[in-house]
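S.K.: The structure under discussion is supplied below as structure tokens; questions concerning it will follow.
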Amino acid sequence: MSADGNWKITINTPMGARTMDVAITTSGDTFTGAVNSEMGSQEVTGKVDGDTLTWSTDITNPMPMKLEFTAKVDGDSAYLTIKGLRDLTLGILGAALLAFAGAHATGWFMLVGAIIPLGDTLIVLRHGGAKAVAFGIHFATAVLLLISASLLFAA
């Protein structure tokens, strides 16, 4: 899972929870970013080791100190759960159409359903995701759905 993107981070401190907006761009085993919080803005650089980021920063408010951070990118489990449920439901619906309504109705379902992975392709690309994922998974799925629709219409 890539750490690239915009994140909202909450840090629990002795003075209460503090939130900040962080924009991160990784490059190999390093990253650069910009942190915006109630205490101002600051550029940061750090190290990437798999799904773990580490960095440190010097602050002067409320007192001078060096803060060291470690963050683990754990993905967006809600997104993955919703996507998994959507894909399972659409698969079951397609099988039910084929079993009970015939090839022609299932062909239309596949044709219209190809919009979903095409949209997923655009979403991945728009948000800086890997082109291999966008085209190798989502676009390829759309192509398979369109081929399936063609074969079902020909049946």
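S.K.: How about region 96-141: which of its residues are closer than 22 Å to Ala154 by Cβ, among the small types (Gly, Ala, Ser) and surrounded by 11 or more Cβ atoms within 10 Å (Cβ to Cβ)?
M.R.: Across region 96-141, the qualifying residues are Ala96, Ala101, Gly102, Ala103, Ala105, Gly107, Gly113, Ala114, Ala140.
S.K.: Run Thr25 past the list (1) more than 27 Å from Gly129 (Cα to Cα); (2) modelled with pLDDT of 75 or more and report the number of the one that doesn't hold.
M.R.: Against the list (1) more than 27 Å from Gly129 (Cα to Cα); (2) modelled with pLDDT of 75 or more, Thr25 comes up short only on (1).
S.K.: Might you check whether a residue that is aromatic (Phe, Trp, Tyr), loosely packed, with under 12 Cβ neighbours inside 10 Å and modelled with pLDDT under 95 occurs anywhere in region 70-81?
M.R.: There is at least one residue in region 70-81 that is aromatic (Phe, Trp, Tyr), loosely packed, with under 12 Cβ neighbours inside 10 Å and modelled with pLDDT under 95.
S.K.: Given (1) modelled with pLDDT of 90 or more; (2) farther than 18 Å from Ile9 by Cβ; (3) out of contact with any His (no Cβ under 9 Å at 6 or more places or on another chain), where does Leu118 come up short, assuming only one miss?
M.R.: Leu118 satisfies every listed condition except (3).
S.K.: Give me a count of the residues in region 93-108 that are within 16 Å of Ser150 (Cα to Cα) and aromatic (Phe, Trp, Tyr).
M.R.: Going through region 93-108 one residue at a time, the tally reaches 1.
S.K.: Could you say whether any residue in region 49-68 is at pLDDT below 80, out of contact with any strand residue (DSSP E or B) (no Cβ under 9 Å at 6 or more places or on another chain) and not in a loop (DSSP other than H, G, I, E, B)?
M.R.: no
The values are calculated or read from the model by the stated rules, or taken from the named source; none is laboratory data. Keep in mind it's a predicted model, so treat the numbers as computed, not measured. Using ideal geometry, Cβ is built from the backbone for each residue, glycine included, and neighbour counts are taken over all protein chains shown.
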